Amino acid sequence: MPDTDREKALVELLDSTTDSVRAADELEPAARATLEAVCKLTGWPLGHLCVPAGSGDEFVSSGIWVGATEEFAGLREVTARTAFTSGAGIVGRVAATGEPVWSHDVDRDPNFVRTHQGADLGVGAAFAFPVVAADGVAAVLEFFSTRTVPPDAPLMRVMANLGHQLGRIVDRRRAREALEASRARTEQMIETSVEAFIAMDSAGRIIGWNTAAEHMFGIPCGEALGRILADTIIPPRYRAAHRDGLARFLTTGRPKVLNRRFEITAQRPDGTEFPIELAIWPIRDRDQWLFNAFLHDITDRRRAEEALRAAYEQEQATVTRLKELDQAKNDFIATVSHELRTPLTAISGYLEMLLEGDAGPVPPSQQRMLNAMAGGAARLHHLVEELLTANTIDTGKLLITPEPVHVRAVIDRALQSTAELAQRHGHTVDVHLDDDVGHVHADCTHLADALRALLSNAIKSSPPGATVTVHASTAGGTTSISVTDTGVGIPAEELPLVFDRFYRTRLATEQAVQGIGLGLTIARSIAEAHSGTITATSTLGEGSTFTLTLPTLPAGLRA
């Protein structure tokens, strides 16, 4: 065949094969057509298709032969039982390199492995080319001649091009399979979703309805498909807005409620309405819009929200009521304490006059009774003062007027207010001040009250005749005043609670130690009002130490 005619034939082969490739959906029909076309063009009597084995990198016969198949029975038999590994035989070499291979004399070609299996193949020459897909060689087409034939470079180039054209069929099929698999997975996910899925076409008709939608609305899928969605699940008062929104989107392409989640009301066939959370997104399918939606029944969530709202409102009402009761309690304590203070002052004054003999001599038998009455009145007066102080702290009316005051002055004032209590219990109070102890910035009256509470607590907790120690020291910019007793101590589990209002330790209750549990609470509040702290340590059977710590007043600020 003249060169020009051959070139024309090769171009025609390429064109015709390209057309068949474009129209083909599967590789095997297109490969068969290519085998026939190449055999016709070249005059080679036999063509064959090899495909990958089920696993591994081996290629095997597909069983597709084209041409004078009856003349090559030996070749077909050997090929049927041969697995071509990568690089072995012309099929293996094509699979390994992705390039066409030409064997001009198979009897002398050590790589033509089928000639070495003891059968008369009747083959002189062979060539093969790959079907190249996106992920590698998908098949190999091979051709056989009864005579030896030198390599034909133009034909090899055309065959390489054909191989890539055929590879597009494989790519399309794999893409189609992947798409179908993805669609199947998506459909399975939608069908098994716990949320209702509904799809609608641009005419407003239902085209998708999963199992969850059946359960939500009580309508089987077969009955739902084809219905007008607005008339099926949307309450009548919203239907006009739904239709207007759909028409606006189809006309302008501008969404209003698409591609976001929002809450709305849905309706069942029996007319009952319920709240849902809805997410809609549009997709373009060829020449029309489709609309997909997930619906979630939020009835339980709404109920929970209503319950939480009601509980919150009830809690707010309770808080308001408690504040009112607390205020009433504060007002009551303040009123009663003030009312008690006046007659107590009078009683205490007259008792003092009686004890001093201002009303005449007091017989010894009455002196003892008057002393007991005076002690009771003093204790009651102290209780009233504690209640008033605690109430003042509660209402935020505790006024602190700080000024430079020497620690010794505060201690002396506290000692003076507890002297009678210490004397009555036979206690001695030892005071030790380090040499560097000086001034603090404090309200002397209130700070003395706090220290008096610590001293009173120590005296009441110590056995009769015991010594209470007061020690003041300065370190790290702070001044500490510690009050130590030798009483029964406080259990470790109760120690964090001793500053709580009205708290009394078990041992204090058992030993009938006087007090209602307000002194330490008041002392802590006073310390905190001075930017200070009170801490407590204790050892059962040995006693306790309460330490009041305040910022030290710098020397330049002292009066």
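Look at the stretch 401-416: where a residue is in contact (Cβ under 8 Å) with a residue 40 or more places away in the chain and a partner is among the basic types (Lys, Arg), sitting 6+ places away or on another chain with Cβ atoms under 9 Å, you get PRO404/ARG558; ALA414/ARG452; LEU415/ARG452.
For (1) of a type outside the set (Ser, Thr, Tyr); (2) within 30 Å of SER202 (Cα to Cα); (3) surrounded by 14 or more Cβ atoms within 10 Å (Cβ to Cβ); (4) modelled with pLDDT of 65 or more, each residue gets a yes or a no:
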| site | (1), (2), (3), (4) |
| --- | --- |
| PHE291 | yes, yes, yes, yes |
| ASP297 | yes, yes, yes, yes |
| ALA307 | yes, no, no, yes |
| GLN314 | yes, no, no, yes |
| GLU324 | yes, no, no, yes |
| ASP331 | yes, no, no, no |
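For the stretch 187-209, the set of residues classified as more than 29 Å from the chain's Cα centre (by Cα) and under 18 Å from ILE298 (Cβ atoms) consists of ILE198 only. When residues in the stretch 158-173 are screened for being of a type in the set (Gly, Ala, Ser) and under 47 Å from the mean Cα position of the chain (by Cα), 0 of them pass.
All of ILE234, ILE228, ILE207 fail the test of being among the aliphatic types (A, V, I, L, M), open to solvent by 20 Å² or more (accessible area, probe 1.4 Å) and in contact with a helix residue (DSSP H, G or I) (Cβ under 7 Å, 6 or more places away or on another chain), apart from ILE234. Per the listing SER61, SER86, SER103, the residue uniquely in contact with a Cys (Cβ under 8 Å, 6 or more places away or on another chain), touching a residue at least 12 places away in the same chain (Cβ under 8 Å) and at negative phi is SER61. Considering the stretch 237-263, the residues that are open to solvent by 80 Å² or more (accessible area, probe 1.4 Å) and among the polar types (S, T, N, Q) include one that is farthest from ALA199 (Cα to Cα), namely THR251.
Have a look at ALA139, ALA128, ALA133 and point out the one that is farther than 15 Å from SER103 by Cβ and touching a Cys at 6+ places or on another chain (Cβ under 9 Å).
The match here is ALA139.
Only residues that are more than 16 Å from ILE234 (Cβ to Cβ) and touching a residue at least 40 places away in the same chain (Cβ under 8 Å) were counted across the stretch 252-293, and they come to 4.
If only residues of the stretch 449-464 that are without any contact (Cβ under 8 Å) to a residue 40 or more places away in the chain and under 21 Å from THR537 (Cα atoms) are counted, the one that is surrounded by the most Cβ atoms within 10 Å (Cβ to Cβ) is ARG452.
Being within 21 Å of ALA199 (Cα to Cα), open to solvent by 60 Å² or more (accessible area, probe 1.4 Å), more than 37 Å from the chain's Cα centre (by Cα) and modelled with pLDDT of 90 or more is a condition met by at least one residue of the stretch 265-279. Of the residues in the stretch 174-195, none is in contact with a His (Cβ under 9 Å, 6 or more places away or on another chain), among the hydroxyl-bearing types (Ser, Thr, Tyr) and either assigned to a loop (DSSP other than H, G, I, E, B) or within 30 Å of THR79 (Cα to Cα) (or both).
Condition check for GLU142 on (1) part of a loop (DSSP other than H, G, I, E, B); (2) open to solvent by less than 10 Å² (accessible area, probe 1.4 Å); (3) not hydrophobic (A, V, I, L, M, F, W, C): one failure, at (1).
State whether the residues of the stretch 30-42 include one that is open to solvent by 20 Å² or more (accessible area, probe 1.4 Å), part of a loop (DSSP other than H, G, I, E, B) and either under 24 Å from ARG157 (Cα atoms) or among the small types (Gly, Ala, Ser) (or both). Checked against the condition, which is being open to solvent by 20 Å² or more (accessible area, probe 1.4 Å), part of a loop (DSSP other than H, G, I, E, B) and either under 24 Å from ARG157 (Cα atoms) or among the small types (Gly, Ala, Ser) (or both), the stretch 30-42 yields no hits at all.
The values are calculated or read from the model by the stated rules, or taken from the named source; none is laboratory data. Because the structure is predicted, anything quoted here is derived from the model rather than measured. Quick reminder, even Gly has a Cβ in these numbers, built from the backbone with ideal geometry, and neighbours come from all protein chains shown. Ligands, DNA and RNA are excluded from the accessible area calculation, which covers all protein heavy atoms including side chains. Shrake-Rupley method; radii C 1.70, N 1.55, O 1.52, S 1.80 Å.
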